[in-house]
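Chemist: Below is one structure. I have some questions about it.
The values are calculated or read from the model by the stated rules, or taken from the named source; none is laboratory data. Values in this document were obtained by computation on a predicted structure and should not be read as measured data. FYI the Cβ positions are ideal-geometry reconstructions off the backbone, even for glycines, and counts take in every protein chain you see. In case anyone asks, the SASA skips ligands and DNA or RNA and just uses the protein heavy atoms, side chains included. Shrake-Rupley method; radii C 1.70, N 1.55, O 1.52, S 1.80 Å.
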Amino acid sequence: MKLLENSRFEALNSQLTVETGDAHIIGRIESYSCKMAGDDKHLFKQFCQEGQPHVLEALSPPQTTGISPSRLSKSQNGDEEGPLSDKCSRKTLFYLIATLNESFRPDYDFSAAKSHEFSREPSLNWVVNAVNCSLFSAVREDFPALKPHLWDAVDQEICLSECDIYSYNPDLDSDPFGEEGSLWSFNYFFYNKRLKRIVFFTCRSISGSMYPHPEAGNELDMDLSEDDVEEAVEACDQEGSGIEGGR
């Protein structure tokens with residue numbers, strides 16, 4: 001996996017790292033080429049010793065709240081419904097793991113990650129909603145101006161309408177964001193098979209009491225009232241649907 005330069009992502013990343021009154025938001029968007037060379041080829045050969053590239057691996061059901069009807073299956077007695085677990089090829093799974101390794105090296109090694117720690121998201125719209133809600137609730141008045149530039153930059157880099165979207169949802173022992181003080185986090189992979197490229201969008205919120213405060217930085221009022229929370233949810237519901245519907 002090779003990190004691809006993207007000046008728009010670099011500019012956005014500076015805006016996705018912000019200190020609020022109650023938390024420190026750390027986010028970044030990165031683009032990676034899936035063309036393997038050198039160490040990647042060696043690691044891929046080792047990875048394939050456990051199964052051929054075309055073999056399908058079961059993923060966990062998505063953690064997003066929206067499940068499309070096509071992803072629902074009836075139980076044997078026909079009385080209950082639940083989300084079907086998606087599958088992906090071991091080659092795709094390797095790309096996801098290699099992206100994590102490249103993005104978080106040298107602090108973390110994800111080589112032992114298993115397929116059940118990943119999910120395939122039901123739709124672009126659900127992912128956009130989840131991201132928008134998290135960021136809107138965190139940075140409030142700054143996010144509406146940032147949002148269109150963020151998704152336009154991602155779309156130009158990866159062509160969102162062509163992407164399969166995966167998320168990484170590890171257990172607490174494997175989670176790089178599972179340290180004390182972590183409030184929330186997300187890790188999304190936008191994979192375009194035609195372009196042989198992955199855009200990785202990762203973000204976390206750390207409690208301000210657990211994060212060392214710099215002498216200078218952006219500070220926003222994070223004292224959300226109940227009305228503010230309702231406003232954030234309503235804004236996300238209204239704005240998130242426009243991404244997928246307009247494509």
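Chemist: Can you pull the three principal axis extents for the Cα set of segment 1-61, in Å, largest first?
Modeler: Each principal axis gives a Cα extent; for segment 1-61 these are 49, 31, 15 Å.
Chemist: Find the all-direction average of the projected area of the Cα convex hull for segment 104-201, expressing the result in square nanometres with one decimal place.
Modeler: 7.4 nm²
Chemist: So, one more: How much length is gained on full extension from R28 to K2, taking 0.36 nm per residue of separation minus their Cα-Cα distance?
Modeler: My answer for the length gained is 7.7 nm.
Chemist: Turning to a different aspect of this structure: With a 1.4 Å probe and all protein chains left in place, how much accessible area per residue does segment 1-48 have, in Å²?
Modeler: 53 Å²
Chemist: Taking a 24 Å limit on the Cα-Cα distance, which of the listed pairs K35/K147; K91/K147; K87/K147; K2/K147; K35/K87 fall beyond it?
Modeler: K35/K147; K91/K147; K87/K147; K2/K147
Chemist: If I ignore ligands, DNA and RNA and count only protein heavy atoms, how much of E121 is accessible to a 1.4 Å probe, in Å² to the nearest 10?
Modeler: For E121, the solvent-accessible surface is approximately 10 Å².
Chemist: I need two numbers for segment 88-147: Rg to one decimal and Dmax as a whole number, Cα atoms only, in Å.
Modeler: 15.3, 42
Chemist: Could you check the simple spin-label distance between K91 and A112, using points 7 Å along Cα→Cβ, in nm with one decimal?
Modeler: About 2.8 nm separates the two model spin labels.
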